[in-house]
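Single-structure report; data block below.
The values are calculated or read from the model by the stated rules, or taken from the named source; none is laboratory data. Bear in mind that the values here come from a model prediction, so they are computed numbers and not experimental data. Here the Cβ positions follow ideal geometry from the backbone for every residue, glycine too, while neighbour counts run over all protein chains shown.
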Amino acid sequence: MAAETHRSQATGEAARSPSTLGVQAWARYWADVAWRVASTMDTLRERAARMREHEAAGMPPLLHFEAEQVADGRDGVPASNYRLLRITKCGSDRLEQHVRPDAAPVVIVDPRAGHGPGIGGFRRDSEVGMALVEGHPVYFVVFDPEPLEGQTMGAVVETLARFIDLVAQRHPGAEPIVYGNCQGGWAVTMALSHCNRRAGLAVLNGSPLSYWAGERDVNPMRLMGAFTGGVWSAHWLADLGAGRFDGAWLVQNFELLRPEGVWKKYDTLFADPDGERDRFLEFERWWNGFYFLGREEILAIVKDLFIGNRLESGEVVIDGHCHADLSRVRTPLVIFSSYGDNITPPHQALGWLQAVYPTTQALVEAGQRIVYLVHQDVGHLGIFVSAGVARREHRAILHHAGTIQSLPAGLYEMRLADNALQSGAPHAEFIPRQVEDLPFRRPGPAFELVGELSGYIDSLYTSMVSPFMQLWSTRQSAWLLEQWHPMRTSRQVWSERVTPASALLPVFTEMLRHAGAQDLTRTSNPWFQVERSTSAAIEQCLAAWRVLRDGFAEAAFEQFDAGLHRQAATPALDAGQTDRRADAYAESVSDSVRNAGSPARTTK
């Protein structure tokens, strides 16, 4: 009996030996990998299915809230594909019960930069949700997937201006608070500068107004025009699209801007398919809803704003006679930006101030008040999407809107208390600042030369190539190009229509789950920890490659800029000055010859 007990104890100890435990962990890890691969692939299949469903439904705005239409931009002159909605209900949360009839209405304008509308009201804790919690009636500006024929940037700006006027008429005595996200922000600013329109407050979230501003390794997108030849490439893509510019190109640019972010998105799903599935599918439904812009509109945006940088100088013409002059904006502004935003850093959100108001005194004399709020690390989308940012920064802006409107004219920094309770808006402090102290240097002459070259190349393309491209392109050819765009094919390849075998993924995933392949305690498995370390190393390598790529582009552009500075510092001779110097030199030579032959010079 004693011998049998000793053998059983020895067997138990052997079963728990390090070598045995290592084999067991290895087997559990690979079984779990098989399940995670199948589950991840099934999630991608579901993404493709939801993408097709969304497209089949006409890609409606992805709002978490119920809404009713108030106005249609097609009914105005000039017409556009924008519509004005009024938020009526917030599901079971019933946030609409907090709305006060006498409160200032909030108008939220979502960005039109390749995606569809809805990001400002994507979830309960969003810009829309915080406005309802603070008691404001909320309006939401959306747009349709297809632009109207010949739609221009000016038509969009005038439509927004009409919407602001309409909301003000519906709420007499309470000037509206207008929220502009990214592209929606500069469009709102142009609308408020147009024909002296006013609002109670304008909040610009991650909105670029100074398109050449930036610094090394912060904003590489501002250099894109220099390396693509300017506006002609957008013109060419719009011609290929039969007069429509595919927003998938803009979304692809966003992903290429930070490739390690794309890796992390999919790797996070693979590490925990069950926990990340719903969040992934919810965001991807918006991210992969590609909207279109009209040819005239995208050309004006690229030419006048991103390459021309004409908004600062008031050179952008809205409707043929009225310019978008930022110095005419009298609505108090709140500018929310982040140092973690590599698309619209604080340089582009605030750099225009020194161009429009050279001194603080000029800002005061104009009677304007501008408040800026800077986040340290949230990314571009986080400014609009993050629930934490909505509960803290956006609720604080709305809560203190009255205080901002009553500030004396000038520039202020808005700082929020760190110990704010989650149940209420954080305390805010408004610190007077000087426009002269903003740390944003003016861009060099290289940007101006890029703008000139862009215009020259586009004029050649417009006269020599574009007519033939428009003659060749049809809606059918444009549709084929859209379907074969990498942003669409990389999603739809997981669809059962493209890959019929993917229909078996749900069954295969459940079979592995029932077989016990899924490891709910994978985080303690040493092999899983090695996998995570390897993934982090890959992410760092991608980030290092991105830094090297952007650094090379910055260095090349800086050398070009420095060469222009050296050329500008070298005194240049005009043609008349050159002729006068040549004549003087010839005269001196003649005098020397005559003097050489005179007796006074030859007699010793």
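A few comments on the model shown:
- Residues of the stretch 504-519 satisfying the condition of being in contact (Cβ under 8 Å) with a residue 60 or more places away in the chain, surrounded by 12 or more Cβ atoms within 10 Å (Cβ to Cβ) and not hydroxyl-bearing (Ser, Thr, Tyr): Leu505, Pro506, Phe508, Leu512, Arg513, Ala517, Gln518, Asp519
- Residue in the stretch 201-220 that is within 30 Å of Gly402 (Cα to Cα) and among the hydroxyl-bearing types (Ser, Thr, Tyr) present: yes
- All positions within the stretch 470-487 that are touching a residue at least 24 places away in the same chain (Cβ under 8 Å) and either surrounded by 16 or more Cβ atoms within 10 Å (Cβ to Cβ) or within 25 Å of the chain's Cα centre (by Cα) (or both): Ser473, Ala478, Leu481, Glu482, His485, Pro486, Met487
- Condition met for Glu127 (touching a residue at least 60 places away in the same chain (Cβ under 8 Å), in the same structural domain as Gln169 (by TED's automatic domain parsing) and touching a Phe, Trp or Tyr at 6+ places or on another chain (Cβ under 9 Å)): yes
Quick grid of which residues meet (1) crowded, with 24+ Cβ neighbours inside 10 Å; (2) closer than 30 Å to Gly314 by Cβ:
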site: Arg94; (1), (2): no, no
site: Arg100; (1), (2): no, no
site: Val107; (1), (2): yes, yes
site: Gly120; (1), (2): yes, yes
site: Ser126; (1), (2): yes, no
site: Glu149; (1), (2): no, yes
site: Met153; (1), (2): yes, yes
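- Annotation: Ser233 fulfils all but one of (1) within 19 Å of Asp304 (Cβ to Cβ); (2) touching a residue at least 12 places away in the same chain (Cβ under 8 Å); (3) surrounded by 17 or more Cβ atoms within 10 Å (Cβ to Cβ); the unmet one is (2).
- Any hit, the stretch 141-150, residues being touching a residue at least 40 places away in the same chain (Cβ under 8 Å), under 27 Å from the mean Cα position of the chain (by Cα) and farther than 28 Å from His194 by Cβ: no
- The stretch 306-323, residues that are closer than 11 Å to Gly451 by Cβ and in contact (Cβ under 8 Å) with a residue 40 or more places away in the chain: Phe306, Ile307, Gly308, Asn309
- Filter result for Ala248 (surrounded by fewer than 24 Cβ atoms within 10 Å (Cβ to Cβ), modelled with pLDDT of 95 or more, farther than 20 Å from Leu398 by Cα and of a type outside the set (Ser, Thr, Tyr)): yes
- Residue ID - farthest from Ala199 (Cα to Cα), chosen from residues in the stretch 394-419 that are part of a strand (DSSP E or B) and not hydrophobic (A, V, I, L, M, F, W, C): Arg415
Per-residue answers, yes or no, for (1) free of Cβ contacts under 8 Å to residues at least 60 places away in the same chain; (2) in the same structural domain as Asn181 (by TED's automatic domain parsing); (3) over 17 Å from the mean Cα position of the chain (by Cα); (4) surrounded by fewer than 17 Cβ atoms within 10 Å (Cβ to Cβ):
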{"site": "Pro345", "(1), (2), (3), (4)": "no, yes, no, no"}
{"site": "Trp352", "(1), (2), (3), (4)": "no, yes, yes, no"}
{"site": "Thr359", "(1), (2), (3), (4)": "no, yes, yes, yes"}
{"site": "Glu365", "(1), (2), (3), (4)": "yes, yes, yes, yes"}
{"site": "Arg369", "(1), (2), (3), (4)": "yes, yes, yes, no"}
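- Test: residue in the stretch 436-455 that is assigned to a helix (DSSP H, G or I), exposed (fewer than 14 other Cβ atoms within 10 Å of the Cβ) and not charged (D, E, K, R): no
- Contacts under 6 angstrom Cβ, first residue in the stretch 529-544 being at pLDDT 95 or above, partner among the acidic types (Asp, Glu), 6 or more apart: Ser535/Asp267; Glu539/Glu260; Leu542/Glu260
- Condition broken by Ser386, with the remaining ones in (1) farther than 28 Å from Ala324 by Cβ; (2) touching a residue at least 24 places away in the same chain (Cβ under 8 Å); (3) surrounded by 14 or more Cβ atoms within 10 Å (Cβ to Cβ) satisfied: (2)
- Filtering the stretch 285-326 to residues that are hydroxyl-bearing (Ser, Thr, Tyr) and at pLDDT 90 or above leaves only Tyr291.
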